[in-house]
Amino acid sequence: MHRVAEEGRTALAWSQHGVASWYGARFHGRRTESGAIFDRNALTAAHPTLPIGTKLLVRSEDTGRSVVVTVNDRGPFNHRIIDLSRAAAERIGMVASGTARVALTPLPAADQPSVEVAQAADEDTPEQAIAASVPLPAASHIRRR
């Protein structure tokens, strides 16, 4: 049980560090991997593996500024970890340099409940841990006054 809880905490604490670049004019108006038309003025990004629609907090380790983007495309296809739209790059102050060292942290999807990880107490028996994890039955038999 402890191993499962620890794995859950690790998944919730995921982050990625590396170099970001940005893309804009040449791709503006083209179709992205998600099927949407790329808009360099939207707060979007291309990531090689994260699911399309993932919301990310991108924090520049160079400027300390951050922006929330939505992954809607695939890329970059080099040593960089993410390509940002021009608008996102402007928010974190990396347009002039073209690249920045960044930290990526996923945000919970607005339409999905956040994940909650529980852990049984060390002194609980397996039966107690299982009983505690089972939802209580609906209280339909309780009389209301």
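Taking R0 as 35 Å, what's the FRET efficiency between Thr99 and Asp124 from their Cβ-Cβ distance, rounded to 0.05? Before the final figure, lay out each step's value.
Details: r = 50 Å, r/R0 = 1.44.
Efficiency at R0 = 35 Å is approximately 0.10.
Sort region 9-67 into rounded, prolate or oblate with this rule: let a ≥ b ≥ c be the square roots of the eigenvalues of the Cα gyration tensor; rounded if a/c is under 1.5, and if a/c is not under 1.5, prolate when a/b is larger than b/c, oblate otherwise. Intermediate results must be reported in sequence, preceding the final value.
Numbers: a/c = 2.52, a/b = 1.45, b/c = 1.74.
Here region 9-67 falls in the oblate category.
Give me the number: length gained by fully extending Leu107 to Ala25, i.e. 0.36 nm times residue separation minus the C-alpha to C-alpha distance, one decimal in nm. Mind dumping the intermediate values first?
On the way: separation 82, 0.36 × 82 = 29.52 nm, distance 2.77 nm.
Here the answer is 26.7 nm.
Just so you know, all these numbers are worked out from the coordinates, no wet-lab data involved. Keep in mind it's a predicted model, so treat the numbers as computed, not measured. Note: ideal-geometry Cβ built from the backbone for every residue, glycine included; neighbour counts use all protein chains shown.
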